[in-house]
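What follows is a short report on a single structure.
The values are calculated or read from the model by the stated rules, or taken from the named source; none is laboratory data. None of the values given here were measured: they were computed from a predicted structure. Every residue, glycine among them, receives a Cβ derived from its backbone with ideal geometry; neighbour counts consider all protein chains shown.
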Amino acid sequence: MSQTLTTKLPDEIYQVLQRLAPDMGMTVEELAMQWVERYAKKPSAQLTDEARQAGWEHLQRHMDTENLGYATGADNERIDADLAKGYADTHNGGT
């Protein structure tokens, strides 16, 4: 089933459609419809409470599982020291 929709577009958008449609072998209307189909928000599937909980538990299993052996975060002094060390290292065994 389909419906007819008549709408007003800003001149700038219509001009873009007019410019692009021939290059794509389409009419302005076909290109506008393609854009609507591609970019219009489609309703998402509704999850059951059980499925939502299962997804959350799956995600939580992967949180905080990596131990780097040192604290991570916004320790700017440590970050600056690591950067300075990295910049000083020429990676080729000498200067």
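Brief remarks follow.
- In segment 1-26, the residues that are surrounded by 10 or more Cβ atoms within 10 Å (Cβ to Cβ) and in a helix (DSSP H, G or I): 13, 14, 15, 16, 17, 18, 19, 20, 21, 22
- For segment 39-53, filtering for residues that are modelled with pLDDT under 90 and exposed (fewer than 10 other Cβ atoms within 10 Å of the Cβ) leaves 8.
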